[in-house]
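Here's the structure we're looking at; comments come further down.
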Amino acid sequence: MPETAVKTVDRIAALLRVLAGHGADGVSLSEAARATGFGPATTHRLLTALAEVGFAFQDLRSKHYRLGAVVATLGRAALQQDVAAMADGALARLAQATGDTVFASVREGLAAICIGRAIGHFPIRTLTLDIGDRRPLGVGAGSLALLAALPDAEIAQVLARNAAWLKDFSGFTAEALMRLVARTRVEGYAFNDGLIVPAMNAIAVPVCDADGRPLFALSLAAIRDRMGPDRLGGLVEQLKSEAADLERRLPPPMAAIRGGTIR
């Protein structure tokens, strides 16, 4: 790569870091120039180029620049890839040890999205989720584990905002989800007793940061006959063990992540 191209990339990276550090208020052209040490003309040229591709946005009233929506999309994708890579080992071990199908899900705003799956050796497979599938928070075991780990006020806000979406899922009213959240908190794990696919059950636990905020969830699905009282406790303990190990290994940047904000 020519030296001039490398220099341009370095400058763009510096500007993106400045924009990221100023939050919703944004940064003026002069502030960005001072922070980066670039001349006003160079700063304006680069910010204009970033705005044209969606990496920056200029507020027409304040004239301040902020990060654009494309960066948020890239950030979510990067987080999902990081979490998926981190969870891969846990999913593989759980699938091997139990013979069942296991999933990893993350919160994205009002939804839970499946980002990882490992299939066990048991002949009857419960492929209730594909990677990339989205459900309202609370619908499904992994999604419920994420919802139940949130503060009460945030849960109420999620359920209110998801009222129309929840109508697509029979039996998942706001009142029913609040009962499921209460049971999840008492029992220490989320349990879906055939509410989505009859005769298919699932359990899940969250993986949380140091402040107790859910980063993602590990879930396990099996036919109802494989999740009776004689087996359920052991499966829950295996999920909890893998979740605790993941929490111990969270790198500092991920430990500070707050699962998706409500928009």
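Being modelled with pLDDT under 85 and touching a strand residue (DSSP E or B) at 6+ places or on another chain (Cβ under 8 Å), is that true of even one residue in region 84-96? Walk me through it before giving the result.
Just the residues of region 84-96 that are modelled with pLDDT under 85, to begin with: 84-86.
Subsequent filtering for residues that are touching a strand residue (DSSP E or B) at 6+ places or on another chain (Cβ under 8 Å) retains 84.
Within region 84-96, one or more residues are modelled with pLDDT under 85 and touching a strand residue (DSSP E or B) at 6+ places or on another chain (Cβ under 8 Å).
For region 239-251, enumerate the residues that are under 24 Å from THR126 (Cα atoms) and either outside the structural domain of VAL102 (by TED's automatic domain parsing) or crowded, with 19+ Cβ neighbours inside 10 Å (or both).
Those that are under 24 Å from THR126 (Cα atoms) and either outside the structural domain of VAL102 (by TED's automatic domain parsing) or crowded, with 19+ Cβ neighbours inside 10 Å (or both): LEU239, GLU242, ALA243.
Looking only at residues that are touching a residue at least 60 places away in the same chain (Cβ under 8 Å) and over 12 Å from ALA217 (Cβ atoms) in region 122-149, which one is nearest to the chain's Cα centre (by Cα)?
Filtering region 122-149 for residues that are touching a residue at least 60 places away in the same chain (Cβ under 8 Å) and over 12 Å from ALA217 (Cβ atoms), the one nearest to the chain's Cα centre (by Cα) comes out as THR128.
The values are calculated or read from the model by the stated rules, or taken from the named source; none is laboratory data. Source: prediction; values computed, not measured. Using ideal geometry, Cβ is built from the backbone for each residue, glycine included, and neighbour counts are taken over all protein chains shown.
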